[in-house]
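Worksheet: the structure to be examined is printed underneath.
The values are calculated or read from the model by the stated rules, or taken from the named source; none is laboratory data. Nothing here was measured: the structure is a model prediction, and the numbers come from that model. Here the Cβ positions follow ideal geometry from the backbone for every residue, glycine too, while neighbour counts run over all protein chains shown.
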């Protein structure tokens, strides 16, 4: 029965890592995968993470199943980090990393709300694959202007005005991947106002909180969407800011 199974295409980003490992040149630098490296090319464990892990090991008294939404304390702390405090409008679940959070949000969108999601041009290479695998139709809106190396503000906002009610728009909270061009606080308010007026929802990819300006400044977009009253998802990941890449710590 397995003779007709076709191999999935190789991950382009991870493929670069394999090519990097095989490259014998001493001065090489890997700019493919978004992983922190020190001057020796290592990805160290943060001291704060080591302390937290030790506390967990010493205090943990069971390996029984967690609730379906994950550890409640984890969910509360995620909300505090993302919103600044507990948010009575939100529900939080534990997901296997940011990718898992994107997939869970995609499944919910397809089943109960949007069948179409709009992504920026350009966007993270895996966004399209994740959304398509969940059964969503993926469309693009203009975002980056390669000539000015900045936001195509006019084209971006004009495109958002044309997105139909009921569709969903993927937005990068900060550290836009791959352009690095982020929205200003004023532009976030414009986006939130358009969403509220036209009736589309948002999915915010929040993979780099703290890597832009600060933990607080990087949530300005989330605050604008929350203030507008629209419904939106957040796909959060702590792979980057806590260096927990292999632990798959994410949340919706």
Scan 192, 235, 196 and give me the residue that is part of a helix (DSSP H, G or I), modelled with pLDDT of 95 or more and surrounded by 19 or more Cβ atoms within 10 Å (Cβ to Cβ). 192
Any chance region 189-212 includes a residue that's on the phi > 0 side of the Ramachandran plot, free of Cβ contacts under 8 Å to residues at least 24 places away in the same chain and out of contact with any strand residue (DSSP E or B) (no Cβ under 6 Å at 6 or more places or on another chain)? no
So is residue 165 without any contact (Cβ under 8 Å) to a residue 40 or more places away in the chain, in contact with a helix residue (DSSP H, G or I) (Cβ under 8 Å, 6 or more places away or on another chain), farther than 23 Å from residue 74 by Cβ and not in a helix (DSSP H, G or I) or not? yes
Go through region 24-74 and give me each residue that's closer than 21 Å to residue 234 by Cα and out of contact with any strand residue (DSSP E or B) (no Cβ under 7 Å at 6 or more places or on another chain). 34, 67, 68, 72, 73
With the requirement that a residue be free of Cβ contacts under 8 Å to residues at least 24 places away in the same chain and surrounded by 10 or more Cβ atoms within 10 Å (Cβ to Cβ), what does region 24-40 give you? 28, 30, 32, 33, 37
Failed condition for residue 15, given (1) surrounded by 10 or more Cβ atoms within 10 Å (Cβ to Cβ); (2) assigned to a loop (DSSP other than H, G, I, E, B); (3) modelled with pLDDT under 85; (4) out of contact with any helix residue (DSSP H, G or I) (no Cβ under 8 Å at 6 or more places or on another chain), with all others met? (2)
